[in-house]
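Here's the structure, in structure tokens; my notes come after.
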Amino acid sequence: MRETLLEELKGRLKGSFLQGVPMSRLTSFRIGGEAELIFRPRDEEDLLEALEILERQGVPWRPLGGGTNLLVADEGVKGVLLDLRRAASFLEVEGSRVRVGAGASLAGLLLACIEGGLSGLEPLAGIPGTVGGAVKGNAGSGGVEIGNSLRAITVLSPRGKEERGAEDLPLSYRQGPLASGEVLWEAVFQLEEGETEEIRAKVEGFLEERKRRQPLGLPSAGCIFKNPPGLYAGKLIEEVGLKGLRRGGAMISELHANFIVNLGGATFGDVMGLIETAKERVLREQGVELELEIEVWA
Ligand SMILES: Cc1cc2nc3c(=O)[nH]c(=O)nc-3n(C[C@H](O)[C@H](O)[C@H](O)COP(=O)(O)OP(=O)(O)OC[C@H]3O[C@@H](n4cnc5c(N)ncnc54)[C@H](O)[C@@H]3O)c2cc1C
């Protein structure tokens, strides 16, 4: 990164900077080389100013949440990663609505729902990462998607700040309402009033089910592929006999074939190799084209 650019960023912005942090420390897969620069804005204005500078200087940037849906190249990430976990971690319950910052954890949102007796998001319990990442990818589980309860969002981009209501939030399977080049700052959820103890019991049930069905003891990025319409990617991969297939430090999970786990020291290439094998075999033997659910940063 040009020294003059770094100086301008450091001179004009109030937040903090980190240079050269390995993405293997910032992702649940524990894979990936260095992030050239991470910026943690102090507040909304600081982030808007950063976006304006980066756009004007033609520097690539992307938001980074909890890093739980990412596979990052061993060469790392060029440009600037925007980490909102400090600045946008606020959470307010107002009746049956929750206003939450994009940098708050989804687990924190679930906890607030339990404490506030608010129902609707329970099946999402156990999905790691932030509200920003979940809204971006319309995270879902057990037939519920986070977008179902979304009522309004505040989005920042190099063009400024924009608020959008429910009528303006297009959603589809693993596709939230944000366009590329937009950063979610805040989301408002509308939930159903319920009983704290009932909600807690449901959440605990979903967490237990996850522990039984998913290889949570090893680093991964969750499900690798989207489920094709009416089918389960994990079942298709299992049926072509790939459970337990290893490449380097990576393995197609023996517990859930749509998970690739890092057994230790897995590289980007190890995981990509398994992805290619799974895609090829499922296409050849089942006639189904698998599409990635994880995001590849390479
Ligand atoms: C064990 C495990 C289980 C999982 N189970 C599920 C599941 O059941 N269902 C499911 O849907 N997913 C699941 N996932 C995947 C992942 O946890 C979700 O996709 C999660 O919502 C990603 O959030 P994150 O904060 O980690 O996002 P990241 O991985 O950091 O980023 C993902 C994308 O979101 C973007 N992004 C992040 N923050 C913002 C923001 N503020 N504004 C705009 N864009 C932003 C990033 O730029 C990137 O494009 C699982 C993952 C693991 C490891």
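The values are calculated or read from the model by the stated rules, or taken from the named source; none is laboratory data. Quick caveat, the model's predicted, so the values are computed rather than measured. Please note: Cβ atoms are built from the backbone with ideal geometry, for glycine as well, and neighbour counts cover all protein chains shown. Accessible surface areas use protein heavy atoms only, side chains included; no ligands, DNA or RNA. Shrake-Rupley method; radii C 1.70, N 1.55, O 1.52, S 1.80 Å.
Considering only DSSP states other than H, G, I, E and B, which chymotrypsin sites (Phe, Trp or Tyr not before Pro) in the range 135-191 qualify as loop sites with at most 16 other Cβ atoms within 10 Å? Sites meeting the loop and neighbour criteria: 173. As a fraction of the 1.4 Å probe accessible area of the chain, surface on carbon and sulfur atoms comes out at 48 percent. Annotation for residue 242 and residue 91: the two label points, set 7 Å from Cα along the Cα-Cβ direction, are 3.6 nm apart.
Straight-line cross-link partners of residue 279 among the lysines, defined as a Cα under 24 Å from its Cα and at least 8 positions apart when in the same chain: 226, 235, 243. Can you give the FRET efficiency to the nearest 0.05 for residue 99 and residue 74, using r as the Cβ-Cβ distance and R₀ = 41 Å? Plugging the Cβ-Cβ distance into 1/(1 + (r/R0)^6) gives 0.55. Taking the Cα centroid of the range 95-168 and of the range 183-221, what is the distance between the two, rounded to the nearest whole Å? Taking the Cα centre of each part, the range 95-168 and the range 183-221 sit 12 Å apart. Computed over the range 50-192, the quotient of the alpha carbon radius of gyration and 2.2 N^0.38 Å is 1.04.
For the range 3-83, the antiparallel share of DSSP beta bridges with both residues in that region comes to about 45%.
Calculated FRET efficiency, residue 43 to residue 159, Cβ-Cβ distance, R0 = 25 Å: about 0.85 to the nearest 0.05.
Given contacts defined as C-alpha pairs under 8 Å and at least six residues apart, what's the relative contact order of the range 129-275, whole-number percent? Before the final figure, lay out the partial values.
Values: 204 pairs, mean separation 24.2, N = 147.
Once divided by the residue count of the range 129-275, the mean separation gives 16 percent.
The label-point distance for residue 254 and residue 1, in a model that sets each label 7 Å from Cα toward Cβ, rounds to 4.4 nm.
Calculated [222 nm] ellipticity per residue, helices only, for the chain: -9000 deg cm²/dmol; basis is -39500 (n - 2.57) per DSSP H run with n ≥ 4, divided by all residues, nearest 500.
How fast does the chain diffuse by Stokes-Einstein, in µm²/s, taking the Kirkwood radius from C-alpha pairs at 37 °C and 0.692 mPa s?
It diffuses with D of about 163 µm²/s by this estimate.
Along the range 78-92 the Karplus relation, 6.51 cos²θ - 1.76 cosθ + 1.60 evaluated at θ = phi - 60°, assigns HN-Hα couplings of 7, x, 10, 9, 9, 10, 9, 5, 8, 6, 10, 10, 5, 7, 10 Hz to successive residues, with x for each Gly and Pro.
Can you check what the net charge comes to around residue 181, using other residues whose Cβ is under 10 Å from the Cβ of residue 181 (Lys, Arg +1; Asp, Glu -1)? With Lys, Arg at +1 and Asp, Glu at -1, the net is 0. Normalised by the number of residues in the chain, the mean separation of alpha-carbon contacts (under 8 Å, six or more apart) gives a relative contact order of 17 percent.
For every other residue with a beta carbon closer than 11 angstrom to the beta carbon of residue 23, add +1 if it is Lys or Arg and -1 if Asp or Glu, then tell me the sum. Around residue 23, the charge tally is -2.
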